[in-house]
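My questions will all concern the structure given below.
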Amino acid sequence: MYRISPQLSEKIKHFATFPQTGVSLRQMVMFGQNPTQGTLFKASQFLSEELPIRLAHRVKELEELPHNLSDMPSIIRVKNWYAQSFQDLVEFPSKEMTPALKDLAKSMNRQTEMQALPENSPNLAMPNGNNHTGRKGVSLSHRYHSAMDGQEWPGDMHTYNEKFTKMIEAVKRRHDPVVTTVAQGILEFKQAKRSHLVDTDVQAFLDRFYMSRIGIRMLIGQHIALNKGPSRKDYVGIICTKTNLADMAQEAIDNAKFICEDYYGLFRGPEVHLHCKKDLEFMYVPSHLSHMLFELLKNSLRAVVEQYGTECDEYPPIKLIVAQGKEDIAIKISDEGGGIPRSGVPLVWTYMYTTAPSQHLDPTFDKSDFKAPMAGFGYGLPISRLYARYFGGDLKLISMEGYGTDVYLHLNRISNSDEPLP
Ligand code: ADP
Ligand code: MG
């Protein structure tokens, strides 16, 4: 089993004292357009600092959880994955960079700092000896392009970029089962305490922890996609600058209906009426959007089917309405599935709260996101709300007990809101 050495532990503590640096959707798009080997190299340097800082914050938090949650075997496993990835990341540059590349990295730092740093900028010592303001202000800004355009990049830079990408791909894969394993840890904790209540401390921890995971996976996913070369039209990495909402919604409807009909053995499940302008496009990460829509639609479909029974000939349709404002895009999903008792509404936002028969925890489900087949994990709503908030949006639920439920998904259009960094 992997063990955290005392030296590594010290290093993690040190990195955890540095603030995390947020990156907005707009910054990612600006940075990722037509990247050169040089910009990709620069981005790898940013990640070599930023990812260990974020991972170190998580290790620290996993060590300091309330009520001995830190001692649960599954929580320790997860902590070790974070520490191992921290180690992979901090050791990589010194192991893999040729001396020539190290010199180049230094001179690139100087060059961009001179171009981009305001005078009198504070010179905070960073773990790798870089300048903090330089790291934040420069590494993800378009100013790089002007500073580094037209240069010939040495072949070992290309090799380095490729190796770095492989390494972070492996890190991402290592963390695939994190959500199910943490959930397992919470179960161990509940059994040890013989209680079914998960208190607010634990809920708040899970919100922070999963939010941070979304951010880390976004940065890694974006870097991998950019390194794989030009992607599909209108894509910058995993961001689509012209995400078509009607198309995405229709796809989510088809998928959710398919799962629903399969799960309940229905010939024809409830209809979903989509009201959305065909040409509504905005900048977003399609995988996040489809995750949220799919989860919300499954919930509504389930509520309607359970309200009217599986023998019903004609269910009341679910409505999916999209409004396009200047500031945000609002999506309302309305069902007549009987709603939720008022006392139950706060519970729906807690992890592992479900009124469906509990599903067995199976790490193979937990590929990149947490996708349960129909229901039963109790992760659908809380994780969807994190995805919405990650880019400055939100998710709200209003229930009319005895009639139905409306959920409101607000997605920020301005796309320059900073990443939430728990
Ligand atoms: P799961 O679907 O796995 O149970 P969710 O987080 O998606 O987990 O939902 C939690 C619970 O909230 C559901 O089990 C259900 O009781 C309730 N719920 C969610 N959406 C609706 C809805 N549209 N109508 C009625 N109840 C709902
Ligand atoms: Mg659900």
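Since every read-out is calculated from the coordinates, none of them should be taken as a lab result. Values in this document were obtained by computation on a predicted structure and should not be read as measured data. With ideal geometry, Cβ positions are generated from the backbone for all residues, glycine too; neighbour counts draw on all protein chains shown.
Measure off 7 Å from each Cα along the Cα-to-Cβ vector at R342 and L274, then give the distance between these two points in nanometres to one decimal.
Placing both labels 7 Å along Cα→Cβ, they lie 3.7 nm apart.
With +1 on each Lys and Arg Cβ and -1 on each Asp and Glu Cβ, and nothing else charged, work out how big the dipole of the chain is about its Cα centre, in Debye to the nearest 20. Spell out each step's value before the answer.
Values: 48 positive and 49 negative charges, 202 e Å.
So the dipole magnitude of the chain works out to roughly 980 debye.
Additional query: All other residues with a Cβ under 11 Å from the Cβ of M283 taken together, and with Lys, Arg as +1 and Asp, Glu as -1, what is their net charge? It would help to have the intermediate numbers written out before the result.
On the way: positive: R26, K242, R413; negative: D234, E281.
With Lys, Arg at +1 and Asp, Glu at -1, the net is +1.
Using +1 at the Cβ of each Lys and Arg and -1 at the Cβ of each Asp and Glu in the stretch 255-406, identify which of I321, V285, S343 lies farthest towards the dipole's positive end.
Positive-end residue among those listed: V285.
Using the alpha carbons of the chain, what is the convex hull volume per residue in cubic angstrom, as a whole number? All intermediate terms of the calculation are to be shown ahead of the outcome.
Numbers: hull volume 65.5 nm³, N = 422.
Value for the chain: 155 Å³ per residue.
Relative contact order of the chain, please, whole-number percent, based on alpha carbon pairs below 8 angstrom and at least 6 residues apart. Each step should come with its number before you reach the end.
Numbers: 614 pairs, mean separation 71.6, N = 422.
Relative contact order here is 17 percent.
Next question, about the same structure. For the chain, set up a Gaussian network in which alpha carbons nearer than 10 Å are linked by springs, and say which option among K106, K257, K11 fluctuates the most.
Top of the fluctuation ranking is K106.
In the stretch 31-91, which GluC sites (Glu not before Pro) are in a loop and have at most 10 other Cβ atoms within 10 Å, using DSSP for the loop call? Numbers along the way, then the final one.
Numbers: sites: E49, E50, E61, E63, E64, E91; in loops: E64.
Counting only loop positions with at most 10 other Cβ atoms within 10 Å, the GluC sites (Glu not before Pro) in the stretch 31-91 are E64.
Mind checking the stretch 259-293 for trypsin sites (Lys or Arg not before Pro) that DSSP puts in a loop (not H, G, I, E or B) and that have at most 10 other Cβ atoms within 10 Å? Mind showing how you got there, number by number?
Numbers: sites: R268, K277, K278; in loops: R268, K277, K278.
Qualifying residues, ordered by number: K278.
Sticking with this one: Taking only Cα atoms and a 10 Å spring cutoff, compute GNM fluctuations for the chain and point out the largest among Y235, Y315, Y284.
Y315
Moving on to the next point. Once R0 is set to 30 Å, what does the formula 1/(1 + (r/R0)^6) return for the Cβ-Cβ distance between K396 and K190, expressed as a FRET efficiency to the nearest 0.05?
Using R0 = 30 Å, I get an efficiency of 0.60.
I want to verify the translational diffusion coefficient of the stretch 1-98 in µm²/s; compute it with Stokes-Einstein, Rh as the Kirkwood radius over Cα pairs, at 37 °C and 0.692 mPa s.
Details: Rh = 15.0 Å.
Estimated diffusion coefficient is 219 µm²/s.
If neighbour count is taken as other Cβ atoms inside 10 Å, put F189, F377 in order from fewest to most. Display every interim value, and only then the final one.
On the way: F189 21, F377 26.
The most exposed by this proxy come first: F189, F377.
With label points built 7 Å along Cα→Cβ from the Cα atoms of E261 and K233, find their separation and express it in nm.
With each label point 7 Å from Cα toward Cβ, the separation is 3.1 nm.
Per residue of the chain, what 222 nm ellipticity follows from adding -39500 (n - 2.57) for every DSSP H run with n ≥ 4, rounded to the nearest 500? Display every interim value, and only then the final one.
Numbers: 13 runs with 219 residues, N = 422.
Result for the chain, helices only: -17500 deg cm²/dmol.
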